[in-house]
Each structure stands twice: as structure tokens, then as C-alpha cells.
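Notes follow the structure.
Just so it is clear, none of the values below were taken in a lab; they were calculated from the coordinates. Because the structure is a prediction, the values reported are computed rather than measured. Note that we place each Cβ from the backbone using ideal geometry, even for glycine, and neighbour counts take in every protein chain shown.
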Amino acid sequence: MTGSQNKTLKNLGLFTTAQAEKMGFSRPALSRMVESGELLRVGRGIYRHPKATVTREIDFQIACAKFGPDAAIGGLTALFYYNLAEQVPQETWVIVSPETRTKEKGYRLMRTKAPLNVGVTTKNGYKIATVERALVEGLRFASKIGERTAIGAVRKAFAQKLTNQAKLGRAAKELGLLSAVQRFLEAIVA
């Protein structure tokens, strides 16, 4: 690996096989680099430069890399990220398209027909649901997250002025999940 390639990979931090191939690395070359310690393999087809800066969101970056460019962190993980849920998620919750599946442990897939590009923000190497989308989908998936947790998160977001009822309604409408919010509206504002 040349000095400029080394620097490029270090700056990328986390990258996929496809990204490495675009930069001129073959799969066998990646395997040799892993064996020699020049790269770390963090998952199937996902690599990290050993001297790359590792953020606390490395799990989010890995999840988004595993499940594709449209995947985003959501559900209980997003609510916890925004300090709206006290329950520490045991799995990383990921918003994906309905056909995405995994048998890999450590991930909870939220398969949704709602647009994957609405209510999502891009951070350092990963995508995460906005506060509004996290709340709306929390209500939509209340049976999995827990009704008390979902309603409590909305109340806490309102109290902390992270969002308001109008923004939440707009997000629900854009996602096509207005009925999920309306179902819990009385419990939220009570």
C-alpha cells in the first residue's frame, strides 16, 4: 500500500469492499492487508484502518455499512441516542426496506415501507432518524419498543422542546404514519 492510499484509507475510517475496489484494491489484496495487520476486518465486507479515529458511534457506522446506503439508525437506539429513552438497547435498531433480512445477532431490523430518505440525517459515516422520525416510528412500533417507552419519549421530547406537536404531525404525514400518531395522541397530551 502506498503512502497516499494508506492516508486515504485512514481518513475513510470505516469502508466497504466496494469502496476499496474503487480505489484499486482487490479482494485478495484486502485479505493480505488484514493478515499483515494493515487493516482490520470488522464485519463481512467491512474494514477499518487500525489508526483511523474511532468514534463512539462506530456501531452505527458498521450497521449502516452492513445494511446498505439507505439504512439508518432508528427505533430504541435513536431514542436512546437523543436521550429520550432510559432503556439501553441491547441491539442496534436499524431502519431498512421490507425485503432486508439478517440472521446476524446484535441488530434489530425495523422493516418499513415508509420512505427511507425522509426524516433521516447524515452524521459522521452513518445515517440516523431525526427526533421526529424516531418518535413517530417509536409509536408505530410501540408493540416492540413498549407503549410506555414510546409515549414517554414523546412527552420528554415535548418537555425538552426538542420538537412539538406540529412537527411531529408533519413528520408522521410525510412518512405515511399519521394513524400511528393519532392512535396515541390522547395518551401523549393527557
(message) Need one number: nm distance between label points at LYS51 and VAL118, each 7 Å from Cα along Cα→Cβ, rounded to one decimal.
(response) 4.6 nm
(request) List, in order, the whole-Hz ³J(HN,Hα) value for each residue of the range 129-144 obtained from phi through the Karplus relation with A = 6.51, B = -1.76, C = 1.60 and θ = phi - 60°; use x for Gly and Pro. (result) 4, 5, 4, 5, 5, 4, 5, 4, 6, x, 5, 4, 9, 4, 5, 8
(request) Mind pulling the per residue volume of the convex hull built on the Cα atoms of the range 3-48? Å³ is fine. (result) 64 Å³
(request) Could you check the simple spin-label distance between ARG44 and ARG183, using points 7 Å along Cα→Cβ, in nm with one decimal? (result) 3.3 nm
(message) Could you list VAL88, VAL34, VAL154 so that the one with the fewest beta carbons within 10 Å of its beta carbon is first and the one with the most is last?
(response) VAL88, VAL34, VAL154
(message) Please report the antiparallel percentage of the DSSP beta bridges confined to the chain, to the nearest 5.
(response) 65 percent
(message) Full-extension gain between GLU174 and GLN160, please, as 0.36 nm times their residue separation minus the C-alpha to C-alpha distance.
(response) 2.7 nm
(message) For LEU162, LEU40, which order do you get if you count the other beta carbons within 10 Å of each Cβ and list the fewest first?
(response) LEU40, LEU162
(request) Place a +1 charge on the Cβ of each Lys and Arg in the range 79-190 and a -1 charge on the Cβ of each Asp and Glu, then give the dipole magnitude about the Cα centre in debye, rounded to the nearest 20. (result) 120 debye
(request) Show me 130-140, 6-16 ranked by packing, highest mean number of other Cβ atoms within 10 Å first. (result) 130-140, 6-16
(request) Towards the positive end of the charge dipole of the chain, with charges on Cβ (+1 Lys, Arg; -1 Asp, Glu), say which of VAL154, LEU116, PHE184 has the farthest Cα. (result) LEU116
(request) Treat every Asp and Glu Cβ in the chain as -1 and every Lys and Arg Cβ as +1, leave all other atoms uncharged, and give the resulting dipole magnitude about the Cα centre to the nearest 20 debye. (result) 100 debye
(request) Enter the Cα centre distance for the pair the range 18-93 and the range 115-186, rounded to the nearest angstrom. (result) 25 Å
(message) Starting from the 7 Å offset along Cα-to-Cβ, what nm value, one decimal, do you get for the label separation of LYS103 and ALA18?
(response) 2.3 nm
(request) Any chance you could give the angle, 0 to 90 degrees and rounded to 10, that helix 58-67 forms with the longest Cα principal axis of the chain? (result) 90 degrees
(message) Just to confirm the number: angle between the C-alpha axis of helix 165-175 and the first principal axis of the chain, 0 to 90 degrees, nearest 10?
(response) 60 degrees
(request) Could you tell me which label, among (i) 68, 13, 10; (ii) 37, 15, 14; (iii) 26, 21, 15, carries the value of semi-axes √(5λ) of the Cα gyration tensor in Å calculated for this structure? (result) (ii)
